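Visitor: Mind having a look at this structure? Questions to follow.
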Amino acid sequence: RKEVEQDPGPFNVPEGATVAFNCTYSNSASQSFFWYRQDCRKEPKLLMSVYSSGNEDGRFTAQLNRASQYISLLIRDSKLSDSATYLCVVTNSGGYQKVTFGIGTKLQVIP
Amino acid sequence: SQTIHQWPATLVQPVGSPLSLECTVEGTSNPNLYWYRQAAGRGLQLLFYSVGIGQISSEVPQNLSASRPQDRQFILSSKKLLLSDSGFYLCAWSPGGYGYTFGSGTRLTVV
């Protein structure tokens, strides 16, 4: 089983739709969780951290379910500019803090 | 504010040629520095990380090496490139492990 698993997609959704991505992780001792956004042929950029209580940033909501070992990202009212690949990131304690990236889920918002 | 510089942006190199990619960070001291590679259709793979000058840890055995000659400089090298070394190389820094900031990346094609 991979340390971090994501559905690579693509998810094709119309503008204004709500879309959700899940990411599962295998290490129950994982400590920190993030969502990164990567535009085509660009570097990944931090979108948001994921907290146990769930957190929201505008149209984006991130949730963590430790019992089932998954995190989710919900995007409401999708915009064309949301089209990108969304990477799930999990960190584990490992001295320098071991960080594992998921393969990413590609989102294409269609007019 | 902290910035990270990475160059060159693109590189086409013949098999067997040497490689040197440079990354520098500004606006911070003693950062944790990382080299990642992203191959087509695959997730980010950690190659090397460094917690200080002259301190390099390798995650994956390969024909690449890394050096950190100065606090804010991280260099990725190879003596002889292989076709399989093609990919998107990303330098990243972390202020103690909470999230990453990536450089703009180098797209390497080995021909």
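Visitor: Given a cut-off of under 8 Å on Cα pairs at least six residues apart, what relative contact order in percent is computed for chain B? Mind showing how you got there, number by number?
Guide: Details: 279 pairs, mean separation 39.9, N = 111.
Computed over chain B, the figure is 36 percent.
Visitor: Would you calculate the volume per residue, in Å³, of the smallest convex hull containing every Cα atom of segment A:24-65? The partial results should precede the final answer.
Guide: Values: hull volume 4.1 nm³, N = 42.
Spread over its residues, the Cα hull of segment A:24-65 gives 96 Å³ apiece.
Visitor: Still on this structure, please answer the following. Going highest first, how would you order B:43-53, B:84-94, B:7-17, B:62-72 by mean Cβ packing within 10 Å? It would help to have the intermediate numbers written out before the result.
Guide: Values: B:43-53: 19.3, B:84-94: 21.4, B:7-17: 12.1, B:62-72: 16.0.
Final packing ranking: B:84-94, B:43-53, B:62-72, B:7-17.
Visitor: State in Å² the accessible area per residue of segment A:56-111; use a 1.4 Å probe, count heavy atoms of protein chains only, and round to the nearest integer.
Guide: Roughly 42 Å² per residue, with all protein chains present.
Visitor: Also, quick follow-up: What is the percent carbon and sulfur in the accessible area of the protein assembly as shown, measuring with a 1.4 Å probe over the protein chains and ignoring ligands?
Guide: Details: 5270 of 10500 Å².
Carbon and sulfur: 50 percent of the exposed surface of the protein assembly as shown.
Visitor: Roughly how large, in nm² to one decimal, is the mean projection of the convex hull of the alpha-carbon atoms in chain B? Could the numbers behind the result be given before it?
Guide: Details: hull surface 25.6 nm².
The number I arrive at for chain B is 6.4 nm².
Visitor: Give the Rg (one decimal place) followed by the Dmax (whole number) of the protein assembly as shown, computed from C-alpha coordinates and expressed in Å.
Guide: Reported Rg and Dmax, both Å: 17.8, 51.
Visitor: Answer rounded, prolate or oblate for segment A:11-86, using the Cα gyration tensor with square roots of eigenvalues a ≥ b ≥ c: rounded when a/c is under 1.5, else prolate when a/b is larger than b/c, else oblate. Please report the intermediate quantities before stating the final value.
Guide: Numbers: a/c = 2.03, a/b = 1.55, b/c = 1.30.
Because a/c hits 1.5 or more and a/b exceeds b/c, segment A:11-86 counts as prolate.
Visitor: Taking amide H positions as placed 1.01 Å from N in the peptide plane, with prolines and chain starts having none, which residues 5 or more places from residue A:107, or on another chain, fall under 5 Å of its amide H?
Guide: Placed amide hydrogens put A:11, A:84, A:85, A:86 under 5 Å from residue A:107.
Visitor: Excluding ligands, DNA and RNA, what is the solvent-accessible area per residue of chain B at a probe of 1.4 Å, expressed in Å²? Before the final figure, lay out the partial values.
Guide: Working: 5080 Å² over 111 residues.
Accessible surface, normalised per residue, equals 46 Å².
Visitor: Starting from one equal scatterer on each C-alpha and no solvent at all, send me the Debye-based log10 I(q)/I(0) for segment B:33-97 at q = 0.13, 0.19 Å⁻¹, two decimals.
Guide: Calculated log10 I(q)/I(0) at the listed q: -0.34, -0.71.
Visitor: Please identify the cysteines of chain A that lack any partner cysteine with a Cβ under 4.7 Å from their own Cβ.
Guide: Cysteines of chain A left without a disulfide-compatible partner: A:40.
Visitor: Just tell me how shielded A:2-10 is by partners: mean number of partner chain Cβ atoms within 10 Å of each residue's Cβ, no decimals.
Guide: Partner-chain Cβ atoms within 10 Å, mean over residues of A:2-10: 1.
Visitor: For the pair residue B:77 and residue B:55, how long in nm is the line joining their label points, each one 7 Å along Cα→Cβ?
Guide: Here the modelled spin labels are 2.1 nm apart.
Visitor: Between residue A:81 and residue A:29, what is the spin-label point distance in nm, taking each point 7 Å from the Cα along the Cα→C-beta axis?
Guide: 4.2 nm
Visitor: Chains A and B: what accessible area do they bury, summed, in square angstrom to the nearest 100, with a 1.4 Å probe? Don't skip to the answer; put the middle values down first.
Guide: Numbers: alone 6240 and 5850 Å², together 10500 Å².
Counting protein atoms only, the buried area is about 1600 Å².
Visitor: Give a residue-ordered list of calculated ³J(HN,Hα) values for segment B:26-34 (Karplus: 6.51 cos²θ - 1.76 cosθ + 1.60, θ = phi - 60°; whole Hz; x for Gly, Pro).
Guide: Ordered by residue, 3J(HN,Hα) equals 10, x, 8, 10, 6, x, 7, 10, 9 Hz.
The values are calculated or read from the model by the stated rules, or taken from the named source; none is laboratory data. It should be emphasised that the depicted structure is a prediction, and the values quoted were computed from it without experimental measurement. Ideal geometry is used to build each Cβ from the backbone, glycine not excepted, and the neighbour counts take in all protein chains shown. For the accessible areas, the whole protein counts, side chains as well, though only heavy atoms, and no ligand, DNA or RNA atoms are used. Shrake-Rupley method; radii C 1.70, N 1.55, O 1.52, S 1.80 Å.
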